[in-house]
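Trainee: So that we are looking at the same thing, I have put the structure below in structure tokens.
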Amino acid sequence: MRHFLTLKDYTKDEILEILDLADEIKAQTKKGDLKLYLKDKTLAMIFEKSSTRTRVSFEVGISQLGGKALFLSSRDIQLGRGEPVKDTARVLGRMVDMIMARVYKQSDLEELAKFSGIPVINGLSDDFHPVQLMADLMTMREFGKDINSLKVAYIGDGNNMANSYILAASKLGFELRIATPKGYEPCDSVLNLAFDFAKESGAKILLSNTPQTAINEADVVVTDTWISMGQEEEKIKRVKDFNGFTIDRVLMSLAKSDAIFLHCLPAYRGYEVSEELFEAHADEIFSEAENRLHAQKAVMVWLYRRKDE
């Protein structure tokens, strides 16, 4: 049984295979002849965290593929009243064909995968956001970037997006420069794992506390919110600590002249990105958002084809 919990579980060839499938599915969608790859299949969507793009993209995606989605907030199911995750997993595994969960704890996703007997997709956890990375990689290729020779600058918090970029780079072999304020670096366990993968892929993963160092001559520049869900009480401290990490026209000018800018949204202008820079790269950002729909359709189709492996 294959699941989509983090990119560490995937080879370079598998990631590229899913991206190629996403391109094919997007082309079919635009032409109006998308195949009903998941006709009459049912996706259970568990949401502990609120969402715009994750909910819409999965719900619309399974519908376009011929299936149905069930929205299950933690307030609406027994998980919210203390039912063990493994019991919810075993119930859903007998009633639906696939589970997508957007949760706090990565361990909950792992338990869903262990006990459900059906494919489980990580729609976001505090540790990883792999479906967003698939949309980001898809967008880079659409805008003419060669994944084999990429230099990506990630500037901001060493959060689930940073962790996911680290694993993507280590598997695909591109150069990743991460700049975070001191004390906000990505976790050591993810870095150590990625450094092991990088020995085979040839990836370069560089860490600094200086945005200018990371962004210099980058092909792709990426950021994320400084204050993720559950960190609202830290806002004042975080805004102070992240002073100097706002990506604006001046900072972006250090990247290559044809560099693209990506943001997984929601974007808070004046914090991680300036209004001017965001609007200058709006086409890239909203293409990235749209590609959540197509990349996730590809993930679902790819997983379902391999559900018996």
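The values are calculated or read from the model by the stated rules, or taken from the named source; none is laboratory data. Computed from a predicted structure; not experimentally measured. As a convention, Cβ positions derive from the backbone with ideal geometry for all residues, glycine included, and neighbour counts pool all protein chains shown.
Trainee: Quick check on the stretch 160-184: of everything there that is in contact with a strand residue (DSSP E or B) (Cβ under 7 Å, 6 or more places away or on another chain) and among the charged types (D, E, K, R), which residue is farthest from Lys204 (Cα to Cα)?
Mentor: The selected residue is Arg177.
Trainee: Can I ask one more? Name the residue that is surrounded by the fewest Cβ atoms within 10 Å (Cβ to Cβ), counting only residues in the stretch 69-86 that are without any contact (Cβ under 8 Å) to a residue 12 or more places away in the chain and assigned to a helix (DSSP H, G or I).
Mentor: Looking at residues that are without any contact (Cβ under 8 Å) to a residue 12 or more places away in the chain and assigned to a helix (DSSP H, G or I), I get Arg81.
Trainee: Also: Give the residue that is farthest from the chain's Cα centre (by Cα), with candidates limited to residues of the stretch 35-63 that are of a type in the set (A, V, I, L, M) and under 19 Å from Ser287 (Cα atoms).
Mentor: Val60
Trainee: Now a separate question. If you go through the stretch 289-307 one residue at a time, do you hit one that is touching a His at 6+ places or on another chain (Cβ under 7 Å) and in contact (Cβ under 8 Å) with a residue 24 or more places away in the chain? Let's see the steps before the verdict.
Mentor: The initial filter retains those residues of the stretch 289-307 that are touching a His at 6+ places or on another chain (Cβ under 7 Å), namely none.
No: zero hits.
Trainee: Quick check on my filter: what residues within the stretch 173-196 are surrounded by 21 or more Cβ atoms within 10 Å (Cβ to Cβ) and either within 21 Å of Ile18 (Cα to Cα) or of a type in the set (Asp, Glu) (or both)?
Mentor: Scanning the stretch 173-196 gives Phe174, Ala194.
Trainee: I'd like the full set of residues that are buried (at least 17 other Cβ atoms within 10 Å of the Cβ), of a type in the set (Gly, Ala, Ser) and either assigned by TED's automatic domain parsing to the domain that holds Lys49 or without any contact (Cβ under 8 Å) to a residue 60 or more places away in the chain (or both), limited to the stretch 210-266.
Mentor: The answer is Ala259, and nothing else.
Trainee: Just need a number here: residues in the stretch 140-159 that are farther than 21 Å from His294 by Cβ and surrounded by fewer than 24 Cβ atoms within 10 Å (Cβ to Cβ).
Mentor: The number of residues fulfilling the criteria is 5.
Yes/no matrix, rows are residues, columns are (1) at pLDDT 95 or above; (2) closer than 29 Å to Thr246 by Cβ:
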{"site": "Gln106", "(1), (2)": "yes, no"}
{"site": "Lys114", "(1), (2)": "yes, no"}
{"site": "Gly117", "(1), (2)": "yes, no"}
{"site": "Ala135", "(1), (2)": "yes, yes"}
{"site": "Met140", "(1), (2)": "yes, yes"}
{"site": "Phe143", "(1), (2)": "yes, yes"}
{"site": "Asn148", "(1), (2)": "no, no"}
{"site": "Tyr154", "(1), (2)": "yes, yes"}
{"site": "Asn159", "(1), (2)": "yes, yes"}
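Trainee: Let me ask another. Residue by residue through the stretch 45-73, note down the ones that are over 24 Å from Pro266 (Cα atoms) and small (Gly, Ala, Ser).
Mentor: Within the stretch 45-73, Ser63, Gly66, Gly67 qualify.
Trainee: Starting from residues that are in a helix (DSSP H, G or I) and of a type in the set (Lys, Arg), keep the ones in the stretch 39-63 and report whichever is surrounded by the fewest Cβ atoms within 10 Å (Cβ to Cβ).
Mentor: Arg55
Trainee: Could I ask something else about it? From the list Val120, Val96, Val103, exactly one residue is out of contact with any Ser or Thr (no Cβ under 9 Å at 6 or more places or on another chain) and not assigned by TED's automatic domain parsing to the domain that holds Val220. Which is it?
Mentor: Residue meeting the stated conditions: Val120.
Trainee: I would also like to ask the following. How many residues are hydrophobic (A, V, I, L, M, F, W, C), part of a helix (DSSP H, G or I) and at pLDDT below 95 if we restrict to the stretch 202-250?
Mentor: Count: 2.
Trainee: Is it true that some residue in the stretch 117-139 is in contact with a Lys or Arg (Cβ under 9 Å, 6 or more places away or on another chain), surrounded by fewer than 23 Cβ atoms within 10 Å (Cβ to Cβ) and closer than 17 Å to Leu206 by Cβ?
Mentor: Within the stretch 117-139, none of the residues are in contact with a Lys or Arg (Cβ under 9 Å, 6 or more places away or on another chain), surrounded by fewer than 23 Cβ atoms within 10 Å (Cβ to Cβ) and closer than 17 Å to Leu206 by Cβ.
Trainee: Another question, if that's okay. Just give me the residues in the stretch 254-298 being of a type in the set (S, T, N, Q), touching a helix residue (DSSP H, G or I) at 6+ places or on another chain (Cβ under 9 Å) and farther than 17 Å from Leu124 by Cα, in sequence order. Before you say what the answer is, go through the steps one by one.
Mentor: First, the residues of the stretch 254-298 that are of a type in the set (S, T, N, Q): 257, 274, 287, 291, 296.
Next, from what is left, pick out any that are touching a helix residue (DSSP H, G or I) at 6+ places or on another chain (Cβ under 9 Å): 274, 287, 291, 296.
Within the stretch 254-298, Ser274, Ser287 qualify.
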